[in-house]
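Colleague: I'd like to ask some things about the structure below.
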Amino acid sequence: MTQSWQKFGIKAEFVERVKLKMKNQATKERIKELLDGVTKYDLQDRTKVRRWVKQFAQILNEPLTETQENQLINFVIAQKIDPNNMLHLIKLYTMFR
């Protein structure tokens, strides 16, 4: 079964490495702090999403090519995530379980 992130060219190996690194509580907290107060409009703003992707890559020590960066940005924007909608958050959670 193809995951939605694979449709954007994001590699399974990358996702697995990130999932493993996100199990570290300190890392998870740093990411959560950066996203505190983010709105659905922020998550549709390419400039803001690009900045977060770069910050997350640095925190996770995952160097990204420009292509990978664009794949991640396109994926986030395509999800039309509303961080205040519990169903959206559950959908994201199940994507990366």
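Colleague: Apply the Karplus curve 6.51 cos²θ - 1.76 cosθ + 1.60, θ = phi - 60°, to the phi angles in the range 29-34 and return the couplings in whole Hz, x for Gly and Pro.
Modeller: For the range 29-34, the Karplus-derived couplings read 5, 4, 5, 4, 4, 5 Hz, x marking Gly and Pro.
Colleague: Counting only the heavy atoms of the protein chains, how much of E29 is accessible to a 1.4 Å probe, in Å² to the nearest 10?
Modeller: Solvent-accessible area, nearest 10 Å²: 70 Å².
Colleague: Follow-up question, since we're still on this one. Gaussian network model of the chain, Cα springs within a sub-10 Å range: biggest mean-square fluctuation belongs to which of L60, L20, L72?
Modeller: Ranking L60, L20, L72 by mean-square fluctuation puts L20 first.
Colleague: Tell me the label-point distance for the pair K19, E69, using the 7 Å Cα-to-Cβ offset, in nm and rounded to one decimal.
Modeller: In this crude spin-label approximation the distance works out to 2.7 nm.
Colleague: A follow-up question, please. With r defined as the distance between the Cβ atoms of A57 and K32 and R0 fixed at 25 Å, what FRET efficiency is calculated, to the nearest 0.05?
Modeller: Values: r = 16 Å, r/R0 = 0.65.
The pair A57/K32 has a calculated efficiency of 0.95.
Colleague: Per residue of the range 37-49, what does 6.51 cos²θ - 1.76 cosθ + 1.60 with θ = phi - 60° give for ³J(HN,Hα)? Whole Hz please, x for Gly and Pro, Karplus curve as stated.
Modeller: x, 5, 10, 5, 6, 4, 6, 10, 8, 3, 5, 5, 4
Colleague: Once the convex hull of the alpha carbons of the chain is built, what does its volume come to per residue, in cubic angstrom? List each step's numbers first, then the result.
Modeller: Numbers: hull volume 9.6 nm³, N = 97.
Per-residue hull volume (Cα only) is 99 Å³.
Colleague: Kindly rank 51-57, 78-84 from highest to lowest mean number of other beta carbons found within 10 Å of each residue.
Modeller: Working: 51-57: 16.1, 78-84: 14.3.
Descending packing order for the listed peptides: 51-57, 78-84.
Colleague: Ignoring ligands and nucleic acids, what accessible area does R17 show with a 1.4 Å probe (Å², nearest 10)?
Modeller: 110 Å²
The values are calculated or read from the model by the stated rules, or taken from the named source; none is laboratory data. What you see is a predicted model; the values in this text were computed from it and never measured. For neighbour counting, all protein chains shown are included, and Cβ atoms are generated from backbone atoms with ideal geometry for every residue, glycine included. Just the protein is used for accessible areas: all its heavy atoms, side chains included, with ligands, DNA and RNA removed. Shrake-Rupley method; radii C 1.70, N 1.55, O 1.52, S 1.80 Å.
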